[in-house]
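*Asks:* Here it is, the structure in full.
The values are calculated or read from the model by the stated rules, or taken from the named source; none is laboratory data. Keep in mind it's a predicted model, so treat the numbers as computed, not measured. Here the Cβ is made from the backbone with ideal geometry for all residues, glycine too, and neighbour counts use every protein chain on show.
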Amino acid sequence: MWIFNRAIRTPLSAGMLAMALLPWSCNQKPRAPLPPIPPPQLPKVTTRAPVPIPAPIPSTIPTTPAPPTLFDVAEIYFEAGDYARAAEAYEYYLRDHSPRDNEDRALFRLALTRYLPGSPVRDPAQASNLLQQIIKQFPDSSLRPQAELLLNLQTEIDRLRTDVGRRDDRIRDLSRELERLKQIDLRRRPAL
């Protein structure tokens, strides 16, 4: 057993000694720093800088948008359903003596403000006059067929109202005649 112990004790003692000296063995003297690794050598490619291309400079640079014209204001009111203000703006626009590109459209929209049933400025007679003015002054306008159609529809409406009025008058006349005949018939019957 003594032999076995000795065989184990010797390597064990040497291991213990190594463990005891291990912290001192790690404290080595600092070595010189390693030189940096050079970057890989890339082939040199020579390129020229791009040639600047001059950008066109506009002749005028807009600063602020132009204020809306009377026609634009009238269109805004019309689209919003404010027909009284739209009519007023269209009338101001039409009174302006400067050349107008949208005169036929302004007349047509003004006529619509006068025709529409819910409009506070409703005046079918004036609307008809405005539509006739479009037909006479602007024979090549794209709005002419619409103006003619509206005038024809208004004529038909007026005719139908007249027919309804005549029919109502005829019904009243017939009702009176029927009452008169009933009275005559009641007088002729003998009393029982």
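*Asks:* Within the stretch 150-171, is there a residue that is closer than 30 Å to T69 by Cβ and either touching a Leu at 6+ places or on another chain (Cβ under 7 Å) or of a type in the set (A, V, I, L, M) (or both)?
*Replies:* Among the residues of the stretch 150-171, at least one is closer than 30 Å to T69 by Cβ and either touching a Leu at 6+ places or on another chain (Cβ under 7 Å) or of a type in the set (A, V, I, L, M) (or both), which makes the answer yes.
*Asks:* Could you say which residue among P58, P52 is modelled with pLDDT of 80 or more, out of contact with any Gly (no Cβ under 6 Å at 6 or more places or on another chain) and loosely packed, with under 10 Cβ neighbours inside 10 Å? Steps first, please.
*Replies:* On the way: P58 fails: modelled with pLDDT of 80 or more.
One residue alone meets the criteria, P52.
*Asks:* Next question. Any residue in the stretch 49-76 that is of a type in the set (A, V, I, L, M, F, W, C) sitting within a Cβ distance under 9 Å of a residue that is part of a loop (DSSP other than H, G, I, E, B)? List the pairs, counting only those 6 or more apart or interchain.
*Replies:* Note: pairs meeting the criteria are L70/D96; F71/R100; F71/D101; F71/N102; I76/P68; I76/D82.
*Asks:* Residue pairs, Cβ under 7 Å, 6 or more apart or interchain, first in the stretch 119-142 and farther than 13 Å from D104 by Cα, second at pLDDT below 95 and surrounded by fewer than 17 Cβ atoms within 10 Å (Cβ to Cβ). List them.
*Replies:* P120/A84; V121/A84; R122/L116; P124/Q154; S128/Q154
*Asks:* Would you check if there is a residue in the stretch 173-180 being under 30 Å from P124 (Cα atoms) and surrounded by 10 or more Cβ atoms within 10 Å (Cβ to Cβ)?
*Replies:* Start the filter on the stretch 173-180 by keeping residues that are under 30 Å from P124 (Cα atoms), which leaves none.
The answer is no, given that none of the residues of the stretch 173-180 is under 30 Å from P124 (Cα atoms) and surrounded by 10 or more Cβ atoms within 10 Å (Cβ to Cβ).
*Asks:* On to the next question. Could you count how many residues in the stretch 82-116 are buried (at least 23 other Cβ atoms within 10 Å of the Cβ) and farther than 23 Å from L151 by Cβ?
*Replies:* The number of residues fulfilling the criteria is 1.
*Asks:* Within the stretch 94-118, how many residues are among the hydroxyl-bearing types (S, T, Y) and modelled with pLDDT of 90 or more? It would help to see each step written out before you state the result.
*Replies:* Step one: of the stretch 94-118, the residues among the hydroxyl-bearing types (S, T, Y) are 98, 113, 115.
Filter once more, keeping what is modelled with pLDDT of 90 or more: 113, 115.
The number of residues fulfilling the criteria is 2.
*Asks:* Also: Looking only at the stretch 69-81, which residues are surrounded by fewer than 14 Cβ atoms within 10 Å (Cβ to Cβ) and over 18 Å from the mean Cα position of the chain (by Cα)?
*Replies:* Once the filter is applied, which keeps residues that are surrounded by fewer than 14 Cβ atoms within 10 Å (Cβ to Cβ) and over 18 Å from the mean Cα position of the chain (by Cα), the stretch 69-81 yields nothing.
*Asks:* Just checking: which of the helices (runs of 4 or more DSSP H) contained wholly in the stretch 90-191 hold 3 or more residues that are in contact with a helix residue (DSSP H, G or I) (Cβ under 9 Å, 6 or more places away or on another chain) and closer than 23 Å to V73 by Cα? Show your work before the answer.
*Replies:* Details: elements: 103-115, 124-137, 144-188.
Filter on the stretch 90-191 gives 103-115, 124-137.
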